[in-house]
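Some notes on the structure that comes next.
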Amino acid sequence: MCLFHLLLRIRELREMSLYPVHVNHLLRPGAAEEDQRFVEDLCRGHGLSCRVFVVDCEAAARAAGISCEEAGRNARYRAFEQVAEELIRGKGLDPGQVRIAVAQNRNDQAETVLMRILRGAGPDGLAG
């Protein structure tokens with residue numbers, strides 16, 4: 001939410017357009033749909049259209065033999081990349097004009113560091 005509001009405030013100064021993306025991982029029945037509606041309403045209230053992706057992360061994790069968290073992360077980045085590609089192809093934007101901003105919370109940071117440790121990162125790769 002903090003990143004969203006920050007980007008709203010600076011978009012005119014930086015002459016940028018925002019294309020919010022929300023991924024519903026279907027992990028918390030009821031609450032996930034409430035979150036999705038909240039984000040859609042928030043975006044609409046600011047004159048933005050929110051692209052929503054609904055992904056069954058538990059099924060994706062089972063199919064790929066990975067954790068649900070990793071399946072969720074993969075789904076998010078696929079969604080971000082898909083929207084970026086659509087902006088490049090559909091709106092004719094130069095790839096250098098497209099930026100993806102992803103906010104993280106403390107749990108995400110801890111997960112990032114743990115993943116880097118498990119992959120054998122050296123001291124430079126241990127930061128979140």
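A compact table of results
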item	result
Given (1) over 19 Å from TYR77 (Cα atoms); (2) crowded, with 16+ Cβ neighbours inside 10 Å; (3) without any contact (Cβ under 8 Å) to a residue 24 or more places away in the chain, index of the condition LEU42 fails	(3)
Hey, TYR77 aromatic (Phe, Trp, Tyr) and in a loop (DSSP other than H, G, I, E, B) or not	no
Scan of the stretch 46-70 for residues that are open to solvent by 70 Å² or more (accessible area, probe 1.4 Å), in a helix (DSSP H, G or I) and small (Gly, Ala, Ser), ordered by number	ALA63
Residue match in the stretch 89-100 (condition: at pLDDT below 95, surrounded by 14 or more Cβ atoms within 10 Å (Cβ to Cβ), within 17 Å of the chain's Cα centre (by Cα) and closer than 17 Å to PRO20 by Cβ)	yes
Evaluation of ALA84 against (1) among the hydrophobic types (A, V, I, L, M, F, W, C); (2) under 30 Å from LEU118 (Cα atoms); (3) open to solvent by 50 Å² or more (accessible area, probe 1.4 Å) (one fails), failing number	(3)
Breaking point among (1) in a strand (DSSP E or B); (2) open to solvent by 80 Å² or more (accessible area, probe 1.4 Å), for VAL23	(2)
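The values are calculated or read from the model by the stated rules, or taken from the named source; none is laboratory data. Quantities reported herein were computed from a predicted structural model and do not represent experimental measurements. Note: ideal-geometry Cβ built from the backbone for every residue, glycine included; neighbour counts use all protein chains shown. Calculation scope for accessible area: heavy atoms of the full protein, side chains included, ligands and nucleic acids excluded. Shrake-Rupley method; radii C 1.70, N 1.55, O 1.52, S 1.80 Å.
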